[in-house]
């Protein structure tokens, strides 16, 4: 499966995107590692590099409904920055098990690095129409409910579900019709 499969085709459009930790490691179950991703998303919003409409961070992956003038580049930069920060954190505070797994699971062609934090690509799916938009936002917000972690989407800390109820969440977003 080549990397070219996961590209955005129309800049400025809204996409549903997913980025997953390598080998589905539960990195983001650690609040400090989740905070690295949240801080990065906030930075992208504050600097108007990505407009986030909905998001959820699970223990192994991130889902977003977002738009950007250069989505592929911004996601690549976000993943690169968060990967470096996560590796630095794990080197200083552990656990070593994650570093060992990220070394073992690293793709062979990535010979310029020791660890791989994220799986390649981000699986962009262009949002076509209001029905699809609503479906994807609901999918994002109900991900922790489906997994059995919470009974209501707004109870999941790492999500924009409460923003859609008028309460500010952890990452600033621009809500859409839902």
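Of all residues in segment 119-148, those satisfying the criterion of being without any contact (Cβ under 8 Å) to a residue 60 or more places away in the chain, exposed (fewer than 13 other Cβ atoms within 10 Å of the Cβ) and within 30 Å of residue 101 (Cβ to Cβ) are 146, 148.
Within segment 155-177, if we keep just the residues that are surrounded by 15 or more Cβ atoms within 10 Å (Cβ to Cβ) and more than 18 Å from the chain's Cα centre (by Cα), the residue that is farthest from residue 44 (Cα to Cα) turns out to be 164.
Starting from residues that are touching a residue at least 24 places away in the same chain (Cβ under 8 Å) and over 19 Å from residue 140 (Cα atoms), keep the ones in segment 31-43 and report whichever is surrounded by the fewest Cβ atoms within 10 Å (Cβ to Cβ). The residue in question is 32. Checking segment 70-79 against the condition returns no match, with no residue being within 21 Å of residue 143 (Cβ to Cβ), modelled with pLDDT of 95 or more, part of a loop (DSSP other than H, G, I, E, B) and in contact with a strand residue (DSSP E or B) (Cβ under 7 Å, 6 or more places away or on another chain).
Has segment 44-66 got any residue that is surrounded by 17 or more Cβ atoms within 10 Å (Cβ to Cβ), assigned to a helix (DSSP H, G or I), at pLDDT 95 or above and in contact with a helix residue (DSSP H, G or I) (Cβ under 9 Å, 6 or more places away or on another chain)? Yes, some residue in segment 44-66 is surrounded by 17 or more Cβ atoms within 10 Å (Cβ to Cβ), assigned to a helix (DSSP H, G or I), at pLDDT 95 or above and in contact with a helix residue (DSSP H, G or I) (Cβ under 9 Å, 6 or more places away or on another chain). Has segment 95-104 got at least one residue that is farther than 25 Å from residue 23 by Cβ and surrounded by 17 or more Cβ atoms within 10 Å (Cβ to Cβ)? Taking every residue of segment 95-104 in turn, none turns out to be farther than 25 Å from residue 23 by Cβ and surrounded by 17 or more Cβ atoms within 10 Å (Cβ to Cβ).
The values are calculated or read from the model by the stated rules, or taken from the named source; none is laboratory data. For clarity, every value in this text was computed on a predicted model and none was experimentally measured. All Cβ positions, glycine included, derive from the backbone under ideal geometry; neighbour counts span all protein chains shown.
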